[in-house]
Amino acid sequence: MRELVLNCSEAQAETLSDLLLEAGVLAVSVEDADSETQSESPLYGEPGLEPAVQAWRNNRVVALLPDGLDPAQVLEQVSAHEGGLIGEGEWHVRDVPDEDWVRLTQSQFGPIRVGERIWIVPSWHAADPSLPAADTADGSIIRIELDPGLAFGTGSHPTTHLCLEWLAQSLPADATVLDYGCGSGILAIAAAMLGAARVDAVDIDEQAVLSTQHNAQKNQVRVHACLPDDFGPGQFDVVVANILSNPLMVLAPMLSNRVAPGGSLVLSGILERQADEVAQAYAPWLKMQVWQARDGWVCLHGQRDAV
C-alpha cells in the first residue's frame, strides 16, 4: 500500500482533502509540515470541538491509496478542480509497510477497571483467566464486554468513568434509566447489569444506535436503543448524558423534563471551568452540583423534587 503526500497552504487544506476523497483515496490526514522545527505551531480547541483554525500555515496532506489507484490519475483529477495549484516538487509517493492492523488496533485496548465493581473487557480479552469473572449472584463484579472496533466510546475517558461510578454507587434498585447520547452503550449496559428495570438509549447517530444494540446483545442485557425521532414520551428515575457542555446546555429543557419526580439527572463531558455555566443552564428545572471531578472533567448531579 502507498501514500500520496502533498504540501499545501492553510487555505487549500480542507478543499484538497475533500477532492482527494472524491478521487478515490481511502483516507486523508492533515499534518503540520513544520512539525519538529522552530516554525511548528499548535492548533487549540476545546476537547471534542473543532478549533477555530482548521489547518496550519504549511500543511502536509497524506492520502492513503488503495491498491491499483494510479497517483497520477488522482493528481490529474484534483488539479482539474484546483486549477493546477499542485506544482512539481509539492508531492511525492511513499510506501506504507504492511502491518497486521487488527492486531495493532487490539493492542491499544486492554481491560479497564472502573471503581470497585466494573470491568470493561475488550472482546479479545474475554477468555483471559487473570480477569475476575462476573458475579451474577450478587452483582459485586460487573463485566461489560465491548468491541472498540464497533464502539463510539471505549470506556477509557474520565467522563465515562465518572458516570459509571455514579451508577455503581447510586443507581436505585429497579430504576428506569435513560442514557442520552449513548454512543457505544456503555452506560446503558452498565445500568442494566446494575439492576435497572428498564433502560432506554438514544443517540443522533444511527451507527451509535446500532453499536449500542450490538453491545447490549453481546452482554445479554435488554436495552431499547433508538434515534431521537423514534423516542416516545416518558420520564425516568435516572437520566444520564455524557456528551459535551454546549449540547448539554441546549438540551437542558428536554433532559430536565425527562427526569421523574424524585429522580436524578447525571451529566458529564463537562470541563471543570464549564461546571457553573452548565449548572446555570439547568437552574430553572434542577439544582445541579458537582458530584466528582477527575483529570479536569466533572460529573454534575441534580435531583428533581418529589411530588
Selection from region 258-307 of residues more than 19 Å from LEU164 (Cα to Cα) and in contact with a Phe, Trp or Tyr (Cβ under 7 Å, 6 or more places away or on another chain) yields ARG258, ALA260
Among residues of region 61-70 being crowded, with 19+ Cβ neighbours inside 10 Å and in contact (Cβ under 8 Å) with a residue 60 or more places away in the chain, the residue nearest to ASP18 (Cα to Cα) is ALA63
In region 102-124, anything closer than 15 Å to SER156 by Cβ and at pLDDT 85 or above is listed as PRO111, ILE112, ARG113, VAL114, GLY115, ILE118, TRP119, ILE120, VAL121
Filter region 173-184 for residues that are out of contact with any Leu (no Cβ under 7 Å at 6 or more places or on another chain) and closer than 16 Å to PHE236 by Cβ; the one that is surrounded by the most Cβ atoms within 10 Å (Cβ to Cβ) is CYS182
Restricting attention to region 284-296, does a residue exist that is within 30 Å of ALA126 (Cα to Cα) and not small (Gly, Ala, Ser)? yes
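Out of PRO228, PRO233, PRO253, I need the residue that is under 22 Å from the mean Cα position of the chain (by Cα), surrounded by fewer than 22 Cβ atoms within 10 Å (Cβ to Cβ), within 22 Å of TYR282 (Cα to Cα) and not charged (D, E, K, R). Which one?
Numbers: PRO233 fails: under 22 Å from the mean Cα position of the chain (by Cα); PRO253 fails: under 22 Å from the mean Cα position of the chain (by Cα).
After ruling out the rest, the residue left standing is PRO228.
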Does region 199-209 include one or more residues that are closer than 24 Å to ALA281 by Cα, surrounded by 24 or more Cβ atoms within 10 Å (Cβ to Cβ), touching a residue at least 60 places away in the same chain (Cβ under 8 Å) and not aromatic (Phe, Trp, Tyr)? no
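Quick one: in region 260-283, which of the residues that are more than 24 Å from the chain's Cα centre (by Cα) and in contact (Cβ under 8 Å) with a residue 24 or more places away in the chain is surrounded by the most Cβ atoms within 10 Å (Cβ to Cβ)?
For region 260-283, the residue satisfying everything is GLY263.
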Scanning region 23-48 for residues that are of a type in the set (A, V, I, L, M) and at pLDDT 70 or above, the one farthest from ALA63 (Cα to Cα) turns out to be ALA33
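The values are calculated or read from the model by the stated rules, or taken from the named source; none is laboratory data. The shown structure was predicted, so the numbers you read here are calculated from the model rather than taken from an experiment. Virtual Cβ from ideal backbone geometry, glycine too; neighbours counted across all protein chains shown.
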